[in-house]
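For reference, the structure is listed below as structure tokens.
The values are calculated or read from the model by the stated rules, or taken from the named source; none is laboratory data. Bear in mind the structure is a predicted one, so any value in this text is a computation, not a measurement. Neighbour counts run over all protein chains shown; Cβ positions are idealised from the backbone, glycine included. Keep in mind that these areas ignore ligands, DNA and RNA; they rest on the heavy atoms of the full protein, side chains included. Shrake-Rupley method; radii C 1.70, N 1.55, O 1.52, S 1.80 Å.
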Amino acid sequence: MFAHLKNSIPVLFSVLSAVYIAPVWPNTSAFDYRMNCEGCHAVAGAGVEPHVPALKNNLAPFLRTPAGREYLIRVPGVRQISISNAKVADLLNYVVFTLSDIEETQGVRPFSEAEVATYRQRAFLDVPAARARAMDAYESL
Amino acid sequence: MNHFEIGRGCLLTCIAITTLLPTGAVAEFKPERPTLSKLENPSPNWVWIGGAGSSVTLMDIESDRYLAQFNNGVSTLKLAIPKRNNEFYSVETYMTRMYRGARTDVVTVRSKDTLAVIDEIAMPAKSYEGMSILHAAALTDDDRFLLGFNMTPGQSVSIVDMHDRRFIEELDTTGCALVYPTLQRRFHLLCGDGSVATLQLDASGQLLTRARTASFFNPDTDPVMEKGARHGDDWYFTSFNGLIYKVAVVDGETQITSPWALVSADELNLQWKPGGMVPLAVHDRDNSLYVLMHRGGADTHKQAGTQAWVFDLGSNSRKKVIRLKHPTQSLHLTQGKTPYLLALSEEGERIDVYHAGTGEWSHVIESFGDMYPALFHNYIR
């Protein structure tokens, strides 16, 4: 009774496979945050104390000095993620300007692709020492 | 069958046996005395089996004989076996309410022949927990310092002095993971940007040097698996697509040799790939690398293998293909005069044992105690 349908099965398959579209990931920094940061730094940068520092309202020491900005770009959790320099700049700006309160970031210059490209090339050999340098630079502001 | 039936069956059988037995046989019964036996005359085919369960079992692979077992807390297996003395180490996590409460991490020191706990050394309560992997703890080559990889998820390595029995320091290794010991007191770590970091300790366990190679693989296009195999002072790693990299220390510098391919162009088209929980094993004297292979598409690097391919590490050429009886998650080699290849099945319920030399199947081991086995360590290093 359904014999006439047999011939249409291959056709149905080819239609279905033509209709299947590979997933298109959202091209947003919110998505990049979810994929690359949120697993440890938690939703909206809340952090998991004492092991994972918060990102929300916790980055002030790193935003206003060259050593601090270099640290944010070269810290392995940022440097080693699989997105372009332009998208890293967007992601940093998202974390700094969207997740934190506006008072935290008053007068802070946004990160640019060029700034990310400059610092992202090389790995830190000693991350805690780099962090200490950034904190020192902030203290002496 | 219900209890009533068992009872009735026994009643009839027991009456029958009792009437038939001469009374003298009962009088000769001698109760056994519990004794403490020692593990004696160890064989190179004695192998520790463990993983995500909390028990670790010692089996004689050749005779399929159960030898011993110990409990390693609520941690995945992190075993370190010294080459020289009669003790061995296990990095273990304990919590006051088993899976909750205050956490303590220790290096437990056990006797190799009685498994008695000789000592324990407290270390920061942050040792790695996750998928079973051979590289979460190791000893420096001089047996002196235990290297315990931590992940909180911040990455660091705890250094414990096994001679003075004390925790020395925690070295930050952010961005680089696991420990692969080599020459003297050096160890490598694999880094997320496709490079290798090499740290070196001085004679007192303090950090002496820290270096990092250039990126040698691309984590986006063909990542290197973190499951390595050591041969001599060199470490071998495979990429998802079957490129083999050798990490060696030459004149004090870490060097990565240009990779060679496990698979021919034809085999690549047939989608032959390395994969599994422990996909690489080295036979030291034979200079051979055994690789667990399967056919699969992208991102199948954890898929069970159907064949073990054997390569000569001198010529980097394949000398044998062993067709495995069951899909296999982990490979292991014993290193004695009659070496065996162990193939742990995908579901972890059987270990097929092959003659490493010929690849011929020998026997199967089906009862070895651990619920989630994944890793093997030779009892004798």
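Taking helices (runs of 4 or more DSSP H) that do not extend beyond region A:6-71, which have at least 1 residues that are farther than 27 Å from B:N150 by Cβ and modelled with pLDDT under 95?
Here the list reads A:8-19.
So which of B:A261, B:A281 is buried (at least 20 other Cβ atoms within 10 Å of the Cβ) and either under 20 Å from the mean Cα position of the chain (by Cα) or modelled with pLDDT of 95 or more (or both)?
So the residue among B:A261, B:A281 that is buried (at least 20 other Cβ atoms within 10 Å of the Cβ) and either under 20 Å from the mean Cα position of the chain (by Cα) or modelled with pLDDT of 95 or more (or both) is B:A281.
Mind checking which residues of region A:79-108 are among the charged types (D, E, K, R) and free of Cβ contacts under 8 Å to residues at least 24 places away in the same chain?
A:E103
Condition first: more than 14 Å from every other protein chain (Cβ to nearest Cβ), β-branched (V, I, T) and out of contact with any His (no Cβ under 6 Å at 6 or more places or on another chain). Can you find one or more residues in region B:127-145 that meet it?
Yes, region B:127-145 contains a residue that is more than 14 Å from every other protein chain (Cβ to nearest Cβ), β-branched (V, I, T) and out of contact with any His (no Cβ under 6 Å at 6 or more places or on another chain).
Being of a type in the set (D, E, K, R), in a helix (DSSP H, G or I) and either open to solvent by 40 Å² or more (accessible area, probe 1.4 Å) or within 14 Å of chain A (Cβ to nearest Cβ) (or both) is true for just one of B:D266, B:D222. Which residue is that?
Unique residue meeting the criteria: B:D266.
Is it true that some residue in region B:160-171 is within 10 Å of chain A (Cβ to nearest Cβ) and at pLDDT 95 or above?
The answer is yes; a qualifying residue exists.
Would you check which residues across region B:302-325 are crowded, with 18+ Cβ neighbours inside 10 Å and of a type outside the set (S, T, N, Q) and list them?
B:A304, B:G305, B:A308, B:W309, B:V310, B:F311, B:L313, B:I322, B:L324
Scan region A:121-136 for residues that are open to solvent by 30 Å² or more (accessible area, probe 1.4 Å), more than 7 Å from chain B (Cβ to nearest Cβ) and in a helix (DSSP H, G or I) and report the count.
Residues flagged as open to solvent by 30 Å² or more (accessible area, probe 1.4 Å), more than 7 Å from chain B (Cβ to nearest Cβ) and in a helix (DSSP H, G or I) within region A:121-136 amount to 6.
Tell me, yes or no, whether region B:37-54 has at least one residue that is open to solvent by 80 Å² or more (accessible area, probe 1.4 Å) and at pLDDT below 90.
So far as region B:37-54 goes, yes, one or more of its residues are open to solvent by 80 Å² or more (accessible area, probe 1.4 Å) and at pLDDT below 90.
Yes or no: A:V88 of a type in the set (A, V, I, L, M, F, W, C), within 14 Å of chain B (Cβ to nearest Cβ), out of contact with any strand residue (DSSP E or B) (no Cβ under 9 Å at 6 or more places or on another chain) and part of a helix (DSSP H, G or I)?
So A:V88 passes the test.
What is the one condition in (1) open to solvent by 50 Å² or more (accessible area, probe 1.4 Å); (2) free of Cβ contacts under 8 Å to residues at least 40 places away in the same chain; (3) not acidic (D, E) that B:M131 does not satisfy?
(2)
Considering region B:195-204 alone, what residues qualify as being surrounded by fewer than 20 Cβ atoms within 10 Å (Cβ to Cβ) and either within 14 Å of chain A (Cβ to nearest Cβ) or part of a strand (DSSP E or B) (or both)?
B:Q200
From the residues in region B:205-216 that are under 15 Å from B:G175 (Cβ atoms) and hydrophobic (A, V, I, L, M, F, W, C), which one is least open to solvent (accessible area, probe 1.4 Å)?
Applying the filter and picking the extreme gives B:A211.
What strands (runs of 3 or more DSSP E) completely inside region B:274-381 contain at least 3 residues that are over 19 Å from B:W235 (Cα atoms) and out of contact with any Pro (no Cβ under 8 Å at 6 or more places or on another chain)?
B:317-333, B:340-345, B:351-355, B:361-365
Step by step: first the residues of region B:225-262, then only those that are of a type in the set (D, E, K, R) and not in a loop (DSSP other than H, G, I, E, B), then the one that is farthest from B:L375 (Cα to Cα). Which residue is that?
Ranking the candidates gives B:E253 first.
I need a count of the residues in region B:176-190 that are closer than 18 Å to A:P76 by Cβ, open to solvent by 10 Å² or more (accessible area, probe 1.4 Å) and either part of a loop (DSSP other than H, G, I, E, B) or away from chain A (no Cβ under 14 Å) (or both).
1
If you take the residues of region B:158-173 that are β-branched (V, I, T) and either surrounded by fewer than 20 Cβ atoms within 10 Å (Cβ to Cβ) or part of a loop (DSSP other than H, G, I, E, B) (or both), which of them is nearest to the chain's Cα centre (by Cα)?
Filtering region B:158-173 for residues that are β-branched (V, I, T) and either surrounded by fewer than 20 Cβ atoms within 10 Å (Cβ to Cβ) or part of a loop (DSSP other than H, G, I, E, B) (or both), the one nearest to the chain's Cα centre (by Cα) comes out as B:T173.
Does B:V291 count as at pLDDT 95 or above, open to solvent by less than 10 Å² (accessible area, probe 1.4 Å), of a type in the set (A, V, I, L, M, F, W, C) and touching a strand residue (DSSP E or B) at 6+ places or on another chain (Cβ under 6 Å)?
yes
Please go through region B:174-193 and give me each residue that is more than 24 Å from the chain's Cα centre (by Cα) and touching a residue at least 24 places away in the same chain (Cβ under 8 Å), ordered by number.
Residue satisfying the conditions is B:D193 alone.
Examine region B:327-346 for a residue that is surrounded by 15 or more Cβ atoms within 10 Å (Cβ to Cβ), under 19 Å from B:S132 (Cβ atoms) and more than 18 Å from the chain's Cα centre (by Cα), and state whether such a residue exists.
Looking for residues that are surrounded by 15 or more Cβ atoms within 10 Å (Cβ to Cβ), under 19 Å from B:S132 (Cβ atoms) and more than 18 Å from the chain's Cα centre (by Cα), one finds at least one in region B:327-346, hence yes.
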